[in-house]
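Engineer: Below are the structure tokens for one structure; questions will follow.
Derivation of every value follows stated rules applied to the coordinates shown; laboratory data play no part. Every value quoted in this text rests on a predicted model; they were computed, and no experiment measured them. Don't worry about glycine lacking a Cβ; one is built from the backbone with ideal geometry, like all the others, and counts go over all protein chains shown.
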Amino acid sequence: MMTMTDETKTKNQPKRSRTVARVAAVQALFQCEQGGENAETVISQFQRHRLADDRGSGFEDGYVPDADFRLFGLIVKGVTLAQDRIDTTLAAALPANWPLNRLDPVLRALLRAGAWELGEDVPARVVINEYLDVAHGFFSGDEARLVNGVLDALTRPAAPVQDNAEGDDAANDGSEPV
């Protein structure tokens, strides 16, 4: 007979495995940047040594138990393939006095992963909440607020650039009120 606790754990397992995959992806992206290793190498290392359920007892031992390996791989590969575009997007969303290269490397990896997922078929609210949780796991300061602000800014459409070369009145042909 399944107890209420077992039933709750079963229902929460898919969400937890996706959250754990995101934590692992941030760690892997950090490793790619710091070690100069490519995504495939790091993904393989994680699969062999850190994602296995039969080794270690959890995060404390350097393992990432119960991760959704498919999501983990998609994030790591996706970010590394689109990193230049992601970095340009992030640089535009960051405060001018905080360029991307000035951020903590873990925070940079986290923002890259979140920015990549915002471009996928995942609701923005889910992405922001998940990466806020991940940020709270890595940091105890204001980093989570920065993650929230930057990822939220990425969900908003950019303001259209107006061409005022002909003057403000040229844009109004009389059909619309001013």
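Engineer: Please give, to one decimal in nm, the separation of the simple spin-label points placed at His49 and Val126, each 7 Å out from Cα toward the Cβ.
Structural biologist: So the two model labels end up 3.2 nm from each other.
Engineer: Let me ask something else about it. Quick one: which of 35-46, 88-99 comes out on top by average Cβ neighbours within 10 Å, and what's the full order, highest first? Each step should come with its number before you reach the end.
Structural biologist: Working: 35-46: 15.5, 88-99: 13.1.
Result, highest mean Cβ count within 10 Å first: 35-46, 88-99.
Engineer: Now a separate question. With each pseudo-label sitting 7 Å past Cα toward Cβ, what's the Asn101-Thr88 distance in nm, one decimal?
Structural biologist: Simple spin-label model gives 1.8 nm for this pair.
Engineer: From the phi angles alone, apply the Karplus equation (6.51, -1.76, 1.60; θ = phi - 60°) to region 135-148 and give each ³J(HN,Hα) in whole Hz, x where the residue is Gly or Pro.
Structural biologist: With coefficients 6.51, -1.76 and 1.60, one gets 4, 5, x, 9, 10, 10, x, 7, 4, 4, 5, 5, 4, 4 Hz.
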